[in-house]
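Enquirer: One structure, as structure tokens, below. Some questions next.
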Amino acid sequence: MNPISRVVCSHGQHFSRTGRSSSPLLSAVRGYGGAQFQMEKGARVIDMRSDVLTKPSAAVKDAMSQATADDDIFREDRTVLELESIMAKMFGKEAALFVPSGTMGNLIGVLAHCQTRGLEVILGDRSHMFMWEQGGISQIGGLHPRTIPNRPDGTFDLDVLEDDIRPKDDPHQPWTGLIVVENTHSYCGGRAIPMDFMAELRKRAKKYDVPIHIDGARILNAAVALNVAPRDIMEYADSVSFCFSKGVGAPIGSVLIGSHNLIARYSDSGSIFLRIHHSSRELQVIRV
């Protein structure tokens, strides 16, 4: 077997700050921060930056070439409509909306739940939506994030959650409009959130009439790990954003799944177009 020539990872935590590798087989390591590690040359490349780097299979490419491509503005694209129908059924919900990215799916999902600016969104302090995604729920939606410490398994203390839910009869406080759970949880080792936690979370949230959104970019991983169907997980949540470009192997795309009313808020009554300029880290939103 040829030696590994290059490893590309997200943090480079296994290598010293001096840039020297502990392994003679590795030639280079590059992290998101741009750190470069020079090592001996070899033959192979292992890219561990993210599971978004999975490649479409020959079958996926063939399906893409054979797919119809009609106008989605008029809801006439049969491929998109079929995809949305399949995903809604798979997750046990009424409707789905295909979107370009997971960030967009999460953002419009949160905005569809929280239609009044100034509402509060409770989420874990290690959640992707809070740590990344450019703070879109605040920047675009005018919503107030309130974080709860994530446990190592990706859950959080439900007693703390219940204490943090704000009453809707106090005009001096932002009302709690939504609870967000990440499943699987990226910053907690890719842990699948236990079903008993989701059941208890649902019970407590329902007491205060607060909906639950799942950042489920990798929720199929959770379903496999928990040995349940995706629809079983969604019994305890109102909406989910699922990403096709992770381990599923599609080149792009995510889907927001929920009730007809939730999806209609942003697919029928209005549209959001997100243009993300990664070079300048600028996020522009145009409402139509």
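The values are calculated or read from the model by the stated rules, or taken from the named source; none is laboratory data. Note that the structure is a prediction, hence the values are computed from the model and not measured. Positions of Cβ are generated from backbone atoms using ideal geometry, with glycine treated the same way; all protein chains shown enter the neighbour counts. The area values use the complete protein model at the heavy-atom level, side chains included, leaving out ligands, DNA and RNA. Shrake-Rupley method; radii C 1.70, N 1.55, O 1.52, S 1.80 Å.
Enquirer: Within region 69-86, track down each residue that is within 23 Å of Ser239 (Cα to Cα) and in contact with a Lys or Arg (Cβ under 9 Å, 6 or more places away or on another chain).
Expert: Leu81
Enquirer: Here are some residues: Arg202, Arg146, Arg151. Which one is farther than 29 Å from Ala264 by Cβ and touching a helix residue (DSSP H, G or I) at 6+ places or on another chain (Cβ under 8 Å)?
Expert: Checking each option against the conditions leaves just Arg151.
Enquirer: Any idea how many residues of region 144-160 are open to solvent by less than 10 Å² (accessible area, probe 1.4 Å) and touching an Asp or Glu at 6+ places or on another chain (Cβ under 8 Å)?
Expert: So the count comes out to 2.
Enquirer: Has region 178-187 got at least one residue that is open to solvent by less than 40 Å² (accessible area, probe 1.4 Å) and touching a Phe, Trp or Tyr at 6+ places or on another chain (Cβ under 9 Å)?
Expert: Within region 178-187 (the criterion being open to solvent by less than 40 Å² (accessible area, probe 1.4 Å) and touching a Phe, Trp or Tyr at 6+ places or on another chain (Cβ under 9 Å)), the answer is yes, since at least one residue qualifies.
Enquirer: Shifting gears a bit: When residues of region 240-261 are filtered for being open to solvent by 10 Å² or more (accessible area, probe 1.4 Å) and not in a loop (DSSP other than H, G, I, E, B), how many remain? Please lay out each step first, then the result.
Expert: Taking region 240-261 and keeping what is open to solvent by 10 Å² or more (accessible area, probe 1.4 Å), we get 244-248, 250-252, 259-261.
In the following step, the residues that additionally are not in a loop (DSSP other than H, G, I, E, B) were identified as 260-261.
So the count comes out to 2.
Enquirer: Please enumerate the residues belonging to region 234-262 that are more than 14 Å from the chain's Cα centre (by Cα) and among the hydroxyl-bearing types (Ser, Thr, Tyr).
Expert: Tyr236, Ser259 - these are the residues of region 234-262 that are more than 14 Å from the chain's Cα centre (by Cα) and among the hydroxyl-bearing types (Ser, Thr, Tyr).
Enquirer: Moving on to the next point. Within region 182-211, can you find the residues that are in contact with a Leu (Cβ under 7 Å, 6 or more places away or on another chain) and either closer than 21 Å to Gln115 by Cα or part of a strand (DSSP E or B) (or both)? Working first, answer last.
Expert: Of the residues in region 182-211, the ones in contact with a Leu (Cβ under 7 Å, 6 or more places away or on another chain) are 192, 195, 200-201, 204, 210-211.
Correct list: Val210, Pro211.
Enquirer: Could you please find all residues in region 64-77 being open to solvent by 70 Å² or more (accessible area, probe 1.4 Å) and closer than 18 Å to Ile263 by Cβ?
Expert: Ile73, Phe74, Arg75, Glu76
Enquirer: Conditions: (1) under 17 Å from Leu161 (Cα atoms); (2) open to solvent by less than 40 Å² (accessible area, probe 1.4 Å); (3) out of contact with any strand residue (DSSP E or B) (no Cβ under 9 Å at 6 or more places or on another chain). Ala229 meets all but one. Number of the miss?
Expert: Going through (1) under 17 Å from Leu161 (Cα atoms); (2) open to solvent by less than 40 Å² (accessible area, probe 1.4 Å); (3) out of contact with any strand residue (DSSP E or B) (no Cβ under 9 Å at 6 or more places or on another chain) one by one, Ala229 breaks only (1).
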